[in-house]
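Peer 1: Pasting a structure below so you can have a look.
The values are calculated or read from the model by the stated rules, or taken from the named source; none is laboratory data. Quantities reported herein were computed from a predicted structural model and do not represent experimental measurements. Every residue, glycine as well, gets a Cβ built from its backbone with ideal geometry; the counts of neighbours run over all protein chains shown. Note: areas computed on protein heavy atoms with side chains; ligands, DNA, RNA excluded. Shrake-Rupley method; radii C 1.70, N 1.55, O 1.52, S 1.80 Å.
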Amino acid sequence: MLDKIDEYLNDVAQFSSTNKEEIEQFRIKYNSKKGILNEIFDQFKTVPNEQKKEFGQKINTLKQIVAAKLDELKDSDNAGVQADKEDLTRPGFPLELGSRHPISLVRNRITEIFKSIGFAVADGPEIEDDWHNFTALNLPEYHPARDMQDTFFIEKNPDILLRTHTSSVQIRHMENNEPPIRILSPGRVFRNEAISSRSHCIFHQIEGLYIDENVSFADLKQTLQFFTTELFGKSKIRMRPSYFPFTEPSAEVDVYWGLNSETDYRITKGTGWLEIMGCGMVDPAVLKNVNIDPDKYSGYAFGMGIERIVMLLHQMGDIRMFFENDKRMLEQFNAL
Ligand code: DAH
């Protein structure tokens with residue numbers, strides 16, 4: 001009888017199959033009601049007492065090894081089923097490519113347009129001091145126009161703040177460079193404003209500055225006309241008198257958008273004209289502040305908000321869309 005069990009042990013150890021039918025046969029042979037294990041357990045009663053211990057250990061070993069084998073076969077059976085399901089020849093999942101943010105795209109387009117006529121990009125810090133953001137731009141302390149731009153202060157006395165406009169880069173550049181100067185400075189600006197569909201605390205501007213001998217208002221107008229033609233395909237502009245402390249005279253620039261569709265009526269409030277930026281001739285007081293001789297040099301400056309231009313170009317109605325990072329919006333700019 002003991003020899004018989006040894007044979008079974010061998011048989012179980014050697015059994016191997018991935019065929020479901022064969023595995024089931026193996027289970028029936030050893031583990032079913034009328035299987036070998038139950039048969040041997042039945043015979044246990046007839047084993048003489050002195051052999052019971054050795055016999056008992058052997059049957060237990062057999063029982064364990066049958067259970068282990070069935071487990072093992074079940075696993076390999078599962079693996080087989082899995083492998084049947086996976087089609088390894090299928091192509092992989094496509095990699096999703098990101099897209100550039102519409103603000104970056106339009107900023108790049110605007111910079112390219114001005115680069116093509118000789119402007120270089122200049123950079124400046126987002127954390128500024130009072131001098132570069134206000135005082136040197138002809139906005140001394142207590143000047144009422146400071147209220148036009150609600151400021152986030154970081155430190156008081158001396159004031160350190162988040163720049164409220166990119167005009168601060170004009171001052172930095174003029175302090176460190178001699179005319180002729182022809183720069184464009186795109187960047188983030190900050191204002192302490194209530195967030196609504198048309199305004200936000202962080203937004204983007206592009207500043208332009210040209211300083212040389214004999215720069216005139218006509219040069220400014222021609223440059224801006226070239227710009228609107230390139231960007232919007234619209235060459236009709238007008239300049240309305242306005243006020244900025246750092247330019248004299250100052251103007252607001254409108255582009256003639258037309259009245260061809262209902263949207264045109266809505267965004268231009270029925271006038272056909274759209275305001276796109278502020279500009280003017282650099283105030284001699286500003287030139288003096290950066291040690292440029294206003295009797296020898298003159299120049300123009302302009303500044304525009306990028307968000308507004310993106311909204312015009314892509315007919316977007318709410319500035320908050322730029323900051324929500326909703327993929328459904330961003331994906332639409334993939335192809336640009
Ligand atoms: N700094 C102005 C603003 O943030 C925009 C501006 C207007 C810039 C006229 C200029 C300019 O350079 O000449 O509202």
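Peer 1: What are the ³J(HN,Hα) values, in whole Hz, obtained from phi via the Karplus relation 6.51 cos²θ - 1.76 cosθ + 1.60 with θ = phi - 60°, for each residue of segment 92-108 in sequence order, with x given for Gly and Pro?
Peer 2: x, 6, x, 6, 7, 8, x, 10, 6, 5, x, 5, 5, 4, 6, 4, 5
Peer 1: Where a Cα-Cα gap under 20 Å defines reach, which aspartates and glutamates qualify for Lys221, not counting those fewer than 8 residues away within the same chain?
Peer 2: Straight-distance partners of Lys221: Glu112, Glu207, Asp212, Glu213, Glu230, Glu248, Glu252, Asp254, Glu275, Asp283.
Peer 1: Something else now. Considering all alpha-carbon pairs of segment 64-176, what whole percent are spaced by more than 21 angstrom?
Peer 2: For segment 64-176, the share of Cα pairs beyond 21 Å comes to 66 percent.
Peer 1: Which angle between 0 and 90 degrees, to the nearest 10, do you get for helix 52-85 versus the longest principal axis of the chain when only C-alpha atoms count?
Peer 2: 40 degrees
Peer 1: Suppose a student asked you for the relative contact order of the chain, using Cα pairs under 8 Å spaced at least 6 residues apart; what percent would you report?
Peer 2: 15 percent
Peer 1: Which value, in debye to the nearest 20, gives the size of the charge dipole of the chain about its Cα centre, when Lys and Arg are +1 and Asp and Glu are -1 at the Cβ? Working shown, then result.
Peer 2: On the way: 40 positive and 52 negative charges, 194 e Å.
That gives the chain a dipole magnitude of about 940 debye.
Peer 1: Rolling a 1.4 angstrom probe over the protein heavy atoms, how many square angstrom per residue are accessible across the chain?
Peer 2: Working: 19500 Å² over 336 residues.
Counting only protein heavy atoms, the per-residue value for the chain is 58 Å².
Peer 1: Rounded to the nearest 5, what % of the DSSP beta bridges within the chain are antiparallel ones?
Peer 2: Numbers: 42 of 44 bridges.
Counting only bridges with both partners in the chain, antiparallel ones make up about 95 percent.
Peer 1: Per residue Cα convex hull volume for segment 9-51, in cubic angstrom?
Peer 2: Working: hull volume 2.6 nm³, N = 43.
With only Cα atoms used, segment 9-51 gives 60 Å³ per residue.
Peer 1: Report, to the nearest whole %, how much of the accessible area of the chain belongs to carbon and sulfur atoms, 1.4 Å probe, protein only.
Peer 2: Roughly 49 percent, rounded to a whole number.
Peer 1: Which whole-Hz ³J(HN,Hα) couplings does segment 208-217 yield from phi under the Karplus relation 6.51 cos²θ - 1.76 cosθ + 1.60, θ = phi - 60°, glycine and proline marked x?
Peer 2: Running phi through 6.51 cos²θ - 1.76 cosθ + 1.60 with θ = phi - 60° gives x, 8, 9, 10, 6, 6, 6, 7, 10, 5 Hz.
Peer 1: What is the angle, in °, between the Cα long axis of helix 167-176 and the longest principal axis of the Cα atoms in the chain? Nearest 10 is fine, range 0 to 90.
Peer 2: 70 degrees
Peer 1: Under a plain spin-label model, where a point goes 7 Å from the Cα along Cα-to-Cβ, how far apart in nm are Glu155 and Glu21?
Peer 2: 8.7 nm
Peer 1: Based on the Cα coordinates of the chain, what is the per residue volume of their convex hull in Å³? Before the final figure, lay out the partial values.
Peer 2: Numbers: hull volume 99.5 nm³, N = 336.
Value for the chain: 296 Å³ per residue.
Peer 1: Tell me the angle of helix 20-31 to the major Cα principal axis of the chain, expressed in degrees between 0 and 90 and rounded to the nearest ten.
Peer 2: 50 degrees
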